[in-house]
Amino acid sequence: MTGVRIDRWLWAARFFKTRSLAAKACDLGRILSNAKLAKAAREVRVGDVLQVKNAGGEYEVEVLLLSETRGPAAVAQTLYRETERSRELRLKAAQERKEAPRWMRGPRADRRSATGANSTACGQRVTAAWTGVAGRPARQGRVPSDSEAIEADGSFRSNGCASRRCRMPFLP
């Protein structure tokens, strides 16, 4: 085998979860082969240098082996060798993301949403619309129902299910 389609090789080397994602990355110009834009049908040969941009970061790799079939991750890592410069840049970017302030890093799952603490005994979810944001009530001029309490800042906090039939407290 002298060459393999680049989308198939990227999928086999586990840079992308599906072959169609690899082809789409080629179409969007996120794959460079020997410093040239690569189309999905371009053939990869041993010794080619690929620059791959995906959700995991930017990689610069040298092709060592060819494969058309996807195998285990341990086998996929033998298909290429990442350059030292690429590895250093990825580690530096990861360190910068780690040191960035919390508000710059994006959303993160909190304990309440992960454990289901925002749900009631009947299984109904309580949304942020009930709680008010930045110290303001959720809805101006609204009188709290029996299952709600008024916080010190004037916002409403639900003590249980908003359903008229349920009136069950939150699950712990």
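Values in this text are rule-based calculations from the coordinates and carry no lab data. Computed from a predicted structure; not experimentally measured. Because the Cβ atoms are built from the backbone with ideal geometry, glycine has one as well, and the counts that use them run over all protein chains shown.
Taken over segment 28-40, the criterion of being over 16 Å from TYR80 (Cβ atoms) and either surrounded by 14 or more Cβ atoms within 10 Å (Cβ to Cβ) or in contact with an Asp or Glu (Cβ under 8 Å, 6 or more places away or on another chain) (or both) is satisfied by ARG30, LYS39, ALA40. If you go through segment 51-87 and pick out every residue that is under 9 Å from ALA13 (Cβ atoms), assigned to a loop (DSSP other than H, G, I, E, B) and among the polar types (S, T, N, Q), you end up with 1. The residue that is surrounded by the fewest Cβ atoms within 10 Å (Cβ to Cβ), counting only those in segment 44-92 that are acidic (Asp, Glu) and within 21 Å of CYS26 (Cα to Cα), is GLU68. Contact map, segment 6-35: residues that are touching a residue at least 24 places away in the same chain (Cβ under 8 Å) paired with residues that are aromatic (Phe, Trp, Tyr) and outside any helix (DSSP H, G or I), Cβ distance under 8 Å, separation 6+ or inter-chain. Pairs shown: LEU10/PHE16; ALA13/TYR80; PHE15/TYR59; ALA25/PHE16. Scanning segment 1-41 for residues that are farther than 13 Å from LEU79 by Cα and either part of a strand (DSSP E or B) or hydroxyl-bearing (Ser, Thr, Tyr) (or both) yields THR2, ARG5, THR18, SER20, ILE31, LEU32, SER33, LYS36, LEU37.
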